[in-house]
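Contents: one structure, followed by commentary.
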Amino acid sequence: AFKSLQRYYSTTQHIQTVGVIGGGQMGSGIAQVLSQAAKKNVIVVDLNKQVLEKSLAGITSILDKNVAKGKMSDLEKSDILKRLSFSDSLKSLANADFVIEAVIENAEIKCNIFKELDQIVKKEAILATNTSSISITKIAAATKRPQNVIGMHFMNPVPVMKLVEIIPGISTSEETQNITNQLTKDMGKVHTVARDTAGFIANRLLMPYINEACQAVYEGLGTIEDIDTTMKLGCNMPMGPLTLADFIGLDTCLSIMKVLQAELGDKYKPSPLLIRYVEAGKFGKKSNEGFYSYF
Ligand code: CAA
């Protein structure tokens, strides 16, 4: 009976401090929304101090725009910033109640971080990963608390996109899932639940579409602009697939395609053109060049 009560009454009141690992695009967005909507204290951890400075500057600039648009008061802005702190050491997460990891999409790096985190963060804390395709069960197995590990996949740009995919691993407890559902709600987001298979739901459907657009360029179906305009104006997509690929990062798109291919077969083989762009260091917006130029 206690278990079934927990199903309905999981709260996040005990969660006062949330750690976010990785101060890039995703980590910064997650940190902003945790402070802004969920009113949690947030510690952003990144080994690179420049990334932390960029993260604070980026969040401040978005909040400034909101104040200028009259969507937020100066006081609200300073309260959001007051709840945010930045650190270059994982050790500062010792007292965090919940941690969301948002580093580069690399299984080995993520597993190493979870192994280290498990020894630092208090035992009852939940450790979530923002992976977009790597097995949650595998990441959880790097810790001694797999029941407290879960996938929490945010969409880019985090402050704008309403959805979070929640992915329980094989060992994730129902309580961990319920608390994560509630934290997602506190952040003003809607969640879906996806099974722990490569790409979950969003990227299982989105990446083959983006990959096919790369293949369309490779085969000369149309120009980059024609392919994007066709999908944007013809199918009402907010962005064309190649603009979206540049926005997500071509390196990220390629690594997700590789995970899909490894688990699900050659139906998900990355387009040679996507591979060439990544080999050339053309990662899209983040490197100022991809299908389009952003200099
Ligand atoms: N951070 C915060 N706010 C942002 C933002 C950002 N990076 N980018 C845009 N916004 C805000 C703008 O300030 C604007 O706010 P107001 O309405 O208050 O003025 C609003 O979003 C709309 O922006 P714009 O008018 O500048 O431009 P737009 O209407 O073209 O919208 C967009 C921009 C929301 C990014 C839209 O183009 C879009 O929805 N694109 C598709 C995004 C998408 O598919 N994301 C998922 C990617 S897949 C993923 O993330 C998962 C993965 O694992 C790879």
Residue pairs within 8 Å by beta carbon, gap of at least six or interchain, first lying in segment 177-194 and in contact (Cβ under 8 Å) with a residue 60 or more places away in the chain and surrounded by 19 or more Cβ atoms within 10 Å (Cβ to Cβ), second in a helix (DSSP H, G or I) and not acidic (D, E), listed first then second, are M187/V33; M187/L34; K189/V33
Among the residues of segment 132-148, the number that are within 16 Å of the ligand (Cβ to nearest atom) and part of a loop (DSSP other than H, G, I, E, B) is 4
>> Tell me whether segment 195-204 contains one or more residues that are in contact with a helix residue (DSSP H, G or I) (Cβ under 6 Å, 6 or more places away or on another chain), within 16 Å of the ligand (Cβ to nearest atom) and more than 26 Å from S271 (Cα to Cα).
In response: no
How many residues of segment 52-84 are crowded, with 18+ Cβ neighbours inside 10 Å and of a type in the set (D, E)? The answer is 0
Here the residues within segment 149-173 that are within 11 Å of the ligand (Cβ to nearest atom) and without any contact (Cβ under 8 Å) to a residue 40 or more places away in the chain are V160, M161, K162, L163, V164, E165
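Just so you know, all these numbers are worked out from the coordinates, no wet-lab data involved. What you are looking at is a predicted structure, and each value in this text was computed from that prediction instead of being measured. Counting neighbours? That spans all protein chains shown, and the Cβs are built from the backbone with ideal geometry, glycine included.
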